[in-house]
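Participant: Handing you a structure now.
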Amino acid sequence: MNKKLKYILIFILVSLLFVIRAFENDLFYDPLIEYFHNDYLYAKMPKVNIWKLVVSTLYRYTLNSLITIGVIRVVFGKKRFVKFASFFLMVAFMLLIVVFVFLVRSEFEAGYLFPFYVRRFLIHPLFLFLLLATFYYQKLNKNT
């Protein structure tokens, strides 16, 4: 794949991440957005439909993950990187969603900071940056 096409594809994929973020209120159910934007230190946690939140989070995580896998495929062009990223993202979701549901059900009794960051890893493509850095470092060290 030539460089110009790579840059165009990366631009399109990253733009899709921005679109997901821009329309998050319309696309996804997440009453915790307002909770964490306001005085969450003093406010009571809003009523949350946990199953609706889990399905919505899964939907958002899947969209972000597909774009992440697309970026990794375009940048590195290695199937083994794509396979590892897919497996990593799947396992990360399974672990994080269990923790997140437990924290939501307990209504953040132990504090708000840990649930805030668990939720952030679920709804934002933070793993994209982690995986890109990991694969780039591996590429530099092994010249693959």
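Participant: Given the residues Val118, Val74, which is the only one that is assigned to a helix (DSSP H, G or I) and over 17 Å from the mean Cα position of the chain (by Cα)?
Facilitator: Val74
Participant: Identify, from the list Phe87, Phe129, the residue that is under 17 Å from Leu16 (Cα atoms) and exposed (fewer than 13 other Cβ atoms within 10 Å of the Cβ).
Facilitator: It is Phe129.
Participant: To continue, here is another question. Starting from residues that are touching a residue at least 24 places away in the same chain (Cβ under 8 Å) and of a type outside the set (A, V, I, L, M), keep the ones in segment 89-114 and report whichever is nearest to Asn64 (Cα to Cα).
Facilitator: Only one residue tops the list, namely Phe93.
Participant: Still on this model: Is segment 53-64 home to any residue that is small (Gly, Ala, Ser), assigned to a helix (DSSP H, G or I), surrounded by fewer than 16 Cβ atoms within 10 Å (Cβ to Cβ) and under 19 Å from the mean Cα position of the chain (by Cα)?
Facilitator: no
Participant: If you don't mind, another one. Filtering segment 24-69 down to residues that are within 18 Å of Leu103 (Cα to Cα) and of a type in the set (Lys, Arg), which residue is modelled with the highest pLDDT?
Facilitator: If we take residues in segment 24-69 being within 18 Å of Leu103 (Cα to Cα) and of a type in the set (Lys, Arg), then Lys52 is modelled with the highest pLDDT.
Participant: What number of residues within segment 93-115 satisfy the criterion of being within 17 Å of Phe36 (Cα to Cα), assigned to a helix (DSSP H, G or I) and aliphatic (A, V, I, L, M)?
Facilitator: The qualifying residues number 4.
The values are calculated or read from the model by the stated rules, or taken from the named source; none is laboratory data. None of the values given here were measured: they were computed from a predicted structure. Note that each Cβ is placed from the backbone with ideal geometry, even for glycine, and that neighbours are counted across all protein chains shown.
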